[in-house]
């Protein structure tokens, strides 16, 4: 069985890990970084950039640089209107109320954009392992709903990966933290504040069993929101001075985003930072600059509401687990945003103990995913992971009432059934409306899907017995079936359409992604070949200057002709011509080198013969014997 890689597909950064021997290893990308920004850029020449190269050009290409796409994964357009307004790139409403990113008229789903990042993670792992990778464990926020989980699986599929397991991020972090503590019984809280989501999970560890007792969170709260309060502060400050809203200019907005993120990071270690953005815009041809000092205390005031929003899920998680704060043995901080000092202070005050900083908050989730991959392949033994479903699931009943079939925080996989009946006499069919959420009325919960069970024999209302079964797999993905117990007629539905994508659309996106990967590969190979030609031209010119007089005239002429042809091919960027001329130039050098070495050997042989004829074959050095003492250590 091949390796199953672990991928933390983050809002801000992504990370990939794999089991090597008895431990999970975080793999550095081709830029040498252990995490990769979850940023994708589309260039005018058709090339795509991923990670740091994409992030570096964002200011000059804001409308085609996609960041924080995870916020739109599996979401309906009308659920994320506030996020849409923040983005420098264009997010529009697509088919089935899905979110689409408009790049030059081509509408990309969040799954397709995420798949590009996953392809980068896949290639990073393949370069490290030396062979193809086809399977992965991918992490998701614990509070992701069914649609968001399904969208993540689809993104993996589009990237050419079979997603063996979807694992909750806090659970993955606990797995990584607790692997060397398997014999110790303890209760831990994982406080996970990432780039776009917040989760808290309570787990019990002992004898290799990692059991999630409860989970809670907010999928619209993360580091991006902390950046946003700084962005709004800067934009409002500039507007008060110049009466211009920088948020309406995509390029200026992108500069504010980068400045906001940088300031947030600097304020984790400094009491104050200066934000200096020269030439941020121009008014009547006069350039305007933005220079503002921001103190840590001011930032904490701006972000206080966000910090406080993380505490309610903590209270709910403890309540659902039936525990007190004093029952928690360790608090683990996960996610880059937990480096904010105010977050650490509030967590310590809430739980009454200092949080554990023994794990790398950026890498621990990917490590946990790799360990889960090792469990699936059999590399990791004596580990049992018991996760939970974050939200209740049920159906709509008469009067718009929401009837729960599976309670939130139920251990998964799980399967439960309930019997319902008809609401009218001689009703020939029933519509099963599947919902997810915690509100008592159906309209206040999230609609996951609908299907119809027909062929019910005529009978008075309340007589037919319709058994509805909910089956949640280990990935937290739902299957629902309904059966008329009288006739035995059954109807099944796997809740896949909740992401708005059909099987055919996913397959097409998968093929497009593979084609784009080939295109990206060709673009990269072209760049590498042009760089190789540039290097060979430089080295050839240098060598001709240094040893040109030692090369026979006819051989030198051949090299110069090949060099001129290579320069012409390099100028035109004709890859076939460059490849051909490189071979010819290398061949010309090979022939010339033989003549140079033969001439050198002939000269040395002739010199030695002359010395011998002159009688100068005596030893030129005096050899002296000395005594030495062997010093034993």
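Table for the structure above
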item	result
Residue that is within 30 Å of residue 480 (Cα to Cα) and either over 16 Å from the mean Cα position of the chain (by Cα) or touching a residue at least 12 places away in the same chain (Cβ under 8 Å) (or both), where the choices are 119, 150	150
Checklist (1) over 23 Å from residue 580 (Cα atoms); (2) touching a helix residue (DSSP H, G or I) at 6+ places or on another chain (Cβ under 7 Å) applied to residue 549, failing item	(2)
Within the range 118-132, tally of residues that are surrounded by 24 or more Cβ atoms within 10 Å (Cβ to Cβ) and touching a helix residue (DSSP H, G or I) at 6+ places or on another chain (Cβ under 8 Å)	1
Filter pass, residue 239 being assigned to a helix (DSSP H, G or I), within 29 Å of the chain's Cα centre (by Cα) and either surrounded by fewer than 17 Cβ atoms within 10 Å (Cβ to Cβ) or not assigned by TED's automatic domain parsing to the domain that holds residue 67 (or both)	no
Filter pass, residue 144 being under 16 Å from the mean Cα position of the chain (by Cα) and modelled with pLDDT under 95	yes
Residue among 601, 543, 571 that alone is modelled with pLDDT of 80 or more and either surrounded by fewer than 13 Cβ atoms within 10 Å (Cβ to Cβ) or more than 54 Å from the chain's Cα centre (by Cα) (or both)	571
Test result for residue 102, at pLDDT 95 or above and surrounded by fewer than 23 Cβ atoms within 10 Å (Cβ to Cβ)	yes
Cross-chain or 6+ apart pairs with Cβ under 7 Å, the range 257-276 first and surrounded by fewer than 16 Cβ atoms within 10 Å (Cβ to Cβ), then at pLDDT 95 or above and in a helix (DSSP H, G or I)	271/296; 272/296
Test: residue in the range 294-312 that is farther than 18 Å from residue 338 by Cα and surrounded by 16 or more Cβ atoms within 10 Å (Cβ to Cβ)	yes
Whichever residue in the range 23-73 is surrounded by fewer than 17 Cβ atoms within 10 Å (Cβ to Cβ) and either in a strand (DSSP E or B) or not assigned by TED's automatic domain parsing to the domain that holds residue 111 (or both) and, among such residues, is farthest from the chain's Cα centre (by Cα)	23
Residue ranges of strands (runs of 3 or more DSSP E) in the range 126-218 with at least 1 members closer than 23 Å to residue 513 by Cβ	135-140, 162-168
Test: residue in the range 178-193 that is within 26 Å of residue 3 (Cβ to Cβ), crowded, with 24+ Cβ neighbours inside 10 Å, at pLDDT below 95 and out of contact with any helix residue (DSSP H, G or I) (no Cβ under 6 Å at 6 or more places or on another chain)	no
Residues located in the range 2-22, provided they are touching a strand residue (DSSP E or B) at 6+ places or on another chain (Cβ under 9 Å) and assigned to a loop (DSSP other than H, G, I, E, B)	2, 3, 10, 11, 12
Residues being surrounded by fewer than 18 Cβ atoms within 10 Å (Cβ to Cβ) and on the phi < 0 side of the Ramachandran plot - total across the range 321-343	7
Answer from 156, 217 - the residue that is touching a residue at least 12 places away in the same chain (Cβ under 8 Å) and closer than 26 Å to residue 342 by Cα	217
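Results for (1) under 24 Å from the mean Cα position of the chain (by Cα); (2) crowded, with 16+ Cβ neighbours inside 10 Å; (3) touching a residue at least 12 places away in the same chain (Cβ under 8 Å), shown as yes or no for each residue.
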site	(1), (2), (3)
361	yes, yes, yes
375	yes, yes, no
407	no, yes, yes
425	no, no, yes
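The values are calculated or read from the model by the stated rules, or taken from the named source; none is laboratory data. Owing to the predicted nature of the structure, the values given are computational and were not obtained by experimental measurement. Here the Cβ is made from the backbone with ideal geometry for all residues, glycine too, and neighbour counts use every protein chain on show.
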